[in-house]
Amino acid sequence: MTDWRSEKTARDARIAAGRAHAQGKVVRAEAVVDLLEAVLKPGDRVCLEGDNQKQADCLARGLAACDPAKIHDLHMVQSGIVLPEHLDVFETGIAKQLDYSYSGPQGSRIAKMLYGGQIELGAVHTYLELFARYFVDLTPNVALIAGVSADREGNLYTGPNTEDTPTVVEATAFKNGVVIAQVNEIVDKVPRVDIPGDRIDFVIEADKPFYVEPLFTRDPAAMTETQILIAMMAIKGIYAEYGVRRLNHGIGFGTAAIELLLPTYAEKLGLKGKIATHWALNPHPTLIPAIESGWVKQVHCFGSEVGMDRYIRERSDVFFTGADGSLRSNRAFCQTAGLYACDMFIGATLQIDLAGHSSTVTQNRVAGFGGAPNMGSDPHGRRHPSETWMKAGHEAEVVGDPALMRGRKLVVQLVETFGDKLVPTFVEKLDALELAKKTGLELAPVMIYGDDVTHIVTEEGIANLLLCRNADEREQAIRGVAGYTEVGRGRDRAMVQRLRERGVIRRPEDLGIEPLDADRSLLAAKSIKDLVHWSGGLYEPPARFRNW
Amino acid sequence: MRIVTDPGSQSWYEASARQRVAGLVDEGSFAEFLGPAERAMSPHLPLFDLPRAFDDGIVVGRAQLDGRPVLVASQEGRFMGGAFGEIHGAKLVGLLRAAIETKPAAVLILFDTGGVRLQEANAGETAIAETMRAIADARAAGIPVIGLIGGRAGCYGGGGLIAGTCSRLAVSESGRISVSGPEVIETNKGAEEFDSRDRALVWRTMGGKHRRLTGGADAYCADTVAAFREAAIRLIGAAPAFDLAMLEAEQSRLEARVKRFGDCRDATEIWARLGVNDPDAVPAMTDAAFAETVANVTEASHDAR
Amino acid sequence: METLHFRHSTKKPAAGSKPMAVIGVVASGNLEILLERVLPPDACEVAIETPIGGFGDVWEAVVADFVARAQPGGLRISINDGGARPDTVSLRLAQGARLMEA
Amino acid sequence: MTLADILASLFPHGHSVTVAEGLVTGQGSLDGKPLHVVGIDGDTPLGVEGALALSAAVLDVVRAGDRSPILVAIDSDSQRMSRRDELLGLNECLAHLAKSLLLADRLGHPTIGLIYGHSAAGAFIATALATRVLAALPGANPSVMDLPSVARVTKLPLEKLQEMAKSTPVFAPGLDNMVAAGAVHVVLDAEKPLDGQIRALIAEMPKSDVRDRLGQERGGRPVARDIAERVARQARG
């Protein structure tokens, strides 16, 4: 007789073993290791929630402290490898296999461990791919998640940084898995129920609140004239040109500069209401002046940002908020929105090659992908038109039956030709290729493939790759905006001139922009303090960004 | 399209040493001494493979302020942290010594310094001592020496001591006055003593508002060149003497401060004892609200400097 | 420190009559430029002191482009570099040329 | 030399100088006239209380109005590095001490610094460097910052700095380099009685601040004097 309920039976046994260390669903922080050793089995697939802004850090410490003789060979399936404990478990043998998306701060250690064979890598995914696989072949047996508060029934309030939690819980709880949540406090009644209690099996009151890093805060005081010039070109040469209303911004200084130029420079160009109205975006503090000036209609968020909570509560016309008033974010939905509902992704990168492939990999760091490739790619499954999308599509394809033409998402790389320490952004060969060879990755970690990129904006000008008709043109268009890098100096000057005449390359003067006007006085806010003023005192920046 | 801004409304914090001088004094009246074309550059920095500046990070010269002759020195906080090197210091010393002979209406020092330039430490330290002696001489000769503090580098180390020697000080919210910097304290005494990354703590402890409330500075201005100009003009007319009576008054003032606030761990406790109703609200206060608060604090204003 | 010198002849003298101007600050990633109207009207000299060696080709290209665009005849241009990127150098040169027009 | 040795050599007939918590105050007699002593002993850091105690002693002397000399004897650490001291305005307190010494000088009290141990940074500027003439005893060790710390800040290897220090007195710590900079006017002879040497210093007080001239002559500050004079000349117009 086939047992069609073996998973359920196994789950019940795990829960029963865990209950020995709990009072109802509640487990004391000191009992974390006992609980995990009771619930986990060798070889389990485990998601240890590691988001951008919310880490199950108490559970991570607990897992790392488990006895490798009892718990070993786990298969970790989680979006972020962020905390040292996320990798410690591979050193002790508690974990063996890994499928993940993003490893920012642990990028160089993960590269070493891949190279040394301590980690058996499945794949590095984008967020949406990993989430998708949770529901196909990487469903967790146990999910270790984090929230702000829970009641004794397990009803969970994630706080404004909901991020991955609903996705992880959905996949685990409804497929016979066990969900263990750490919370900052156990309360009688949660402010709102983000995850219903019947999906949470155990709740742990953490020894200390989970740490949140202000990842999306860019200090206007650090913005340079070059970044402002690039932002001006992007606004005039792309936002205005294509009438981009629905968009996603990267998290660099270049896009932050654009956010700060909307109420000043873009306002003077008469673009208010015509561009940048609907966003898939974390709540960037630098967007506050644009919101306050009435530019922004709506923002859906992947997660939140430190210090923005009060501001968001008071701007519920703009942000998605719960009945309790606080932000409700959701990474899976926002990534989907970025992929399908946005007409433009614009962001920075570290390296671009002659075909337009880009990578944020530097030598010896495997940073992973996160969600940039989801947003920074042309979704071939898209079927709804918009003016922006259609205009870009027509630029790319000039022959054939118009009824069969489709649009293109704008994927814009916003880069300075040189990075820190005079490292060139434009290169003949991406460092990612070398790294892939060294660490045995089957795919080179390319963040955005050249065929998805539509524009590259540098301080020298805009290269419109949609208008390039062959690989040669494409290469010269890229060289033509690569400034004084070796790639830039290696251009065919005559061909670049012809591309300029065709509008493939546009210089600041072609756009009617005088580079000497790129001045910090154009920024709607020149400091974090200015952002606080714009917010009417609602934005509460973290201490490290203050100078008052 | 050019967004034209009034030079007076320019941020003091953001402006360069030259921009500050240009906007501070009467338009077009500034004449520089030993300007960049004379290339008086550090003979020492090349030994350390460090770039030099044509003015060694300080602009000195004469100008008119509200129609009256003044001498001006302006430090560039972005070059080597505005620190005192041999030439940098000597330019300030020469300017102050000249003041005693030429009797301007005031000497203005636009501080923006981390203290002594380590690559020229002995020269910098000695120049600071020479500067303080020259300031005492100038003040005794009846020439007000006014310090203006609101730059990126703050006013640290020996710069803090020179500031304490001036007749009057104007400070903005961004301005910091201190001897040991937060990083120095943290390095020597640990993060428990001073967490230098806690910027709010840094400003509460040594920032413009704290200094103004406790009488460590005599005027508080908005972060604009125009506001500093107005403060400078006002302070020149209210410079205390440099004599025994003043120093005795300063002795009493500082002793009273240490006695009254010596057990306070945080600036907010001091502000509360000074009679500020909501001390926690001080850092976020607007300039106007803060001016009102200061007006009610008797200790903030005095002639004992 | 590396010292570089470039000499160019120009078709035109630099606009304006201002004898001297200075722009920028020597700081990390930034630079200071001193422009003096002391040369014959068809000559331009650029002298650079930089702490970062090995970028002579880049400097040469940046200076040549600037001279071709701005025609700064008569100017002796002296640069104290703090490791500025070429785009910053170009921007400061242009700002300096504009100051001399006053 | 210890402070006790110094005082014994300076005042063979006895003195009233005491040390409390590292702060030195009191007086002795030189040629039948009072010689006041203030100072810091035992490598003590100078904080707000210390600075104000010393300035009070200086102002007491000034108030008496007898133009008697003041000796500032120093073996100190740097300024006291603490959050509390900065909160209470250490810069004002140190400047106040320096101003008190500068006022005493202006009002006719010869001020003589005597560094016999360590001193650094703000404590040095507020005390010994605020006198008209600064003498040192052999073995004294004034510094702005020690070389390992300089290495940390400048990111240069310590060995390279040590090599550079031999030929470049402008940045290196130590008495010889401070003498070369002109900050220390003279190094006394520890083998001879100090009373005579101090008496000679008082008798030959420089009329003005000569430190940049000394720095030029001794090579420790090659250009400062010339620069200051050029600025002053242009200012005179």
Is it the case that the range A:147-161 has a residue that's over 19 Å from A:L59 (Cα atoms), in contact with a Pro (Cβ under 8 Å, 6 or more places away or on another chain), of a type outside the set (F, W, Y) and not in a helix (DSSP H, G or I)? no
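Could you please give the count of residues in the range D:74-103 that are acidic (D, E) and either more than 7 Å from chain B (Cβ to nearest Cβ) or touching a residue at least 12 places away in the same chain (Cβ under 8 Å) (or both)? Outline the logic, then answer.
Within the range D:74-103, the first condition is being acidic (D, E), and the residues that meet it are D:75, D:77, D:85-86, D:92.
Keeping just the survivors that are either more than 7 Å from chain B (Cβ to nearest Cβ) or touching a residue at least 12 places away in the same chain (Cβ under 8 Å) (or both) gives D:75, D:77, D:85.
Adding up the residues that qualify gives 3.
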Condition first: among the polar types (S, T, N, Q) and in contact with a strand residue (DSSP E or B) (Cβ under 9 Å, 6 or more places away or on another chain). Now tell me which residues in the range A:445-496 satisfy that. A:T454, A:T458, A:N464, A:Q476, A:T485
Close pairs (9 angstrom Cβ cut-off, 6 or more residues apart or separate chains): without any contact (Cβ under 8 Å) to a residue 40 or more places away in the chain in the range B:269-298, among the basic types (K, R) anywhere: B:R273/B:R260
Subset of the range C:26-42 that is assigned to a loop (DSSP other than H, G, I, E, B) and touching a residue at least 40 places away in the same chain (Cβ under 8 Å) - its residue that is surrounded by the most Cβ atoms within 10 Å (Cβ to Cβ): C:V26
Restricting the range D:36-73 to residues that are more than 18 Å from D:P142 (Cα to Cα) and acidic (D, E), the residue that is farthest from the other protein chains (Cβ to nearest Cβ): D:D66
Tell me, which helices (runs of 4 or more DSSP H) lie completely within the range D:133-237 with 3 or more residues that are free of Cβ contacts under 8 Å to residues at least 40 places away in the same chain? D:147-154, D:158-167, D:194-203, D:211-218, D:224-236
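Please tell me if A:V457 is in a strand (DSSP E or B), buried (at least 17 other Cβ atoms within 10 Å of the Cβ), hydrophobic (A, V, I, L, M, F, W, C) and within 14 Å of chain C (Cβ to nearest Cβ).
On the way: in a strand (DSSP E or B): yes; buried (at least 17 other Cβ atoms within 10 Å of the Cβ): yes; hydrophobic (A, V, I, L, M, F, W, C): yes; within 14 Å of chain C (Cβ to nearest Cβ): yes.
Criteria met by A:V457.
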I'm told A:A143 meets every condition in (1) out of contact with any strand residue (DSSP E or B) (no Cβ under 8 Å at 6 or more places or on another chain); (2) among the aliphatic types (A, V, I, L, M); (3) in a strand (DSSP E or B) except one. Can you identify the failing condition by its number? (1)
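Filter the helices (runs of 4 or more DSSP H) completely within the range A:296-388 down to those with at least 2 residues that are in contact with a Ser or Thr (Cβ under 6 Å, 6 or more places away or on another chain), under 28 Å from A:A111 (Cα atoms) and assigned by TED's automatic domain parsing to the domain that holds A:N464.
Values: elements: A:309-313, A:331-336, A:372-375.
Helices (runs of 4 or more DSSP H) meeting the threshold: A:372-375.
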Of the residues D:A172, D:A151, D:A203, which is within 9 Å of chain B (Cβ to nearest Cβ) and either exposed (fewer than 13 other Cβ atoms within 10 Å of the Cβ) or at pLDDT below 95 (or both)? D:A172
Please determine, by comparing only the residues of the range A:208-222 that are crowded, with 23+ Cβ neighbours inside 10 Å and hydrophobic (A, V, I, L, M, F, W, C), which one is nearest to the chain's Cα centre (by Cα). A:F216
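State all residues of the range C:1-19 that are under 30 Å from B:H44 (Cα atoms), in contact with a helix residue (DSSP H, G or I) (Cβ under 7 Å, 6 or more places away or on another chain), part of a strand (DSSP E or B) and not aromatic (F, W, Y); if no residue qualifies, say none. Write out each step before concluding.
Start the filter on the range C:1-19 by keeping residues that are under 30 Å from B:H44 (Cα atoms), which leaves C:1-7, C:19.
Filter once more, so that each one left must be in contact with a helix residue (DSSP H, G or I) (Cβ under 7 Å, 6 or more places away or on another chain): C:1, C:4, C:6.
Those left that are additionally part of a strand (DSSP E or B): C:4, C:6.
The one that is under 30 Å from B:H44 (Cα atoms), in contact with a helix residue (DSSP H, G or I) (Cβ under 7 Å, 6 or more places away or on another chain), part of a strand (DSSP E or B) and not aromatic (F, W, Y): C:L4.
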Entirely in the range A:18-118, the strands (runs of 3 or more DSSP E) that have 1 or more residues that are among the small types (G, A, S): A:74-80, A:95-102
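Results for (1) at pLDDT 95 or above; (2) closer than 30 Å to A:G488 by Cα; (3) buried (at least 17 other Cβ atoms within 10 Å of the Cβ), shown as yes or no for each residue.
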| position | (1), (2), (3) |
| --- | --- |
| A:L327 | yes, no, yes |
| A:G338 | yes, no, yes |
| A:H380 | no, no, no |
| A:S386 | yes, no, yes |
| A:K421 | no, yes, no |
| A:E428 | yes, yes, no |
Would you confirm whether or not the range B:244-260 contains a residue that is more than 10 Å from chain D (Cβ to nearest Cβ), modelled with pLDDT of 95 or more and not in a helix (DSSP H, G or I)? no
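Looking for whichever is crowded, with 21+ Cβ neighbours inside 10 Å and either over 17 Å from the mean Cα position of the chain (by Cα) or not aromatic (F, W, Y) (or both) here; the options are D:A180, D:A190. Which one fits? Step through it out loud before you land on a result.
Values: D:A190 fails: crowded, with 21+ Cβ neighbours inside 10 Å.
Result of the check over D:A180, D:A190: D:A180.
Got a sec? Which of D:L156, D:L137 is touching a Phe, Trp or Tyr at 6+ places or on another chain (Cβ under 6 Å) and surrounded by fewer than 23 Cβ atoms within 10 Å (Cβ to Cβ)? Lay out the reasoning, then the answer.
Numbers: D:L156 fails: touching a Phe, Trp or Tyr at 6+ places or on another chain (Cβ under 6 Å).
After ruling out the rest, the residue left standing is D:L137.
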Conditions: (1) surrounded by 15 or more Cβ atoms within 10 Å (Cβ to Cβ); (2) away from chain C (no Cβ under 14 Å); (3) not in a helix (DSSP H, G or I). A:E442 meets all but one. Number of the miss? (1)
Residue check, A:K429 against (1) more than 14 Å from chain C (Cβ to nearest Cβ); (2) closer than 24 Å to C:T88 by Cβ, all met but one. Which one? (2)
With (1) of a type outside the set (D, E, K, R); (2) touching a residue at least 60 places away in the same chain (Cβ under 8 Å); (3) buried (at least 23 other Cβ atoms within 10 Å of the Cβ) as the list, and A:I235 as the residue in question, which single condition is left unmet? (2)
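Taking the options D:R230, D:R211, name whichever one is within 26 Å of D:R106 (Cβ to Cβ), within 14 Å of another protein chain (Cβ to nearest Cβ) and crowded, with 16+ Cβ neighbours inside 10 Å. First the steps, then the outcome.
Values: D:R230 fails: within 26 Å of D:R106 (Cβ to Cβ).
The conditions single out D:R211.
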Out of all the residues in the range A:465-479, which are more than 14 Å from chain C (Cβ to nearest Cβ) and under 26 Å from C:V58 (Cβ atoms)? A:L465, A:D472, A:E473, A:R474, A:E475, A:Q476, A:A477, A:I478
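Just to be sure I understand, how many residues within the range C:68-85 are under 21 Å from B:L50 (Cβ atoms) and within 13 Å of chain A (Cβ to nearest Cβ)? If you could, list the steps in order and put the result at the bottom.
As a first pass, look at the range C:68-85 and keep what is under 21 Å from B:L50 (Cβ atoms): C:78-85.
Going one step further and asking which of them are within 13 Å of chain A (Cβ to nearest Cβ), we end up with C:81-85.
Looking only at that region, the number is 5.
Which strands (runs of 3 or more DSSP E) does the range A:188-280 wholly contain that include 1 or more residues that are within 27 Å of A:C342 (Cα to Cα) and polar (S, T, N, Q)? Walk me through how you get there before you give the answer.
Working: elements: A:202-205, A:246-249, A:278-280.
Fully inside the range A:188-280 and qualifying: A:246-249.
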Checking A:G536 against (1) surrounded by fewer than 16 Cβ atoms within 10 Å (Cβ to Cβ); (2) outside any helix (DSSP H, G or I); (3) assigned by TED's automatic domain parsing to the domain that holds A:P263, which test does it fail? (3)
What strands (runs of 3 or more DSSP E) completely inside the range B:1-93 contain at least 3 residues that are within 9 Å of chain D (Cβ to nearest Cβ) and crowded, with 20+ Cβ neighbours inside 10 Å? B:58-65
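The values are calculated or read from the model by the stated rules, or taken from the named source; none is laboratory data. Just so we're clear, the structure is a prediction, and the values are computed from it rather than from any experiment. Heads up, the Cβs are rebuilt from the backbone with ideal geometry, glycines too, and the neighbour counts pull from every protein chain shown.
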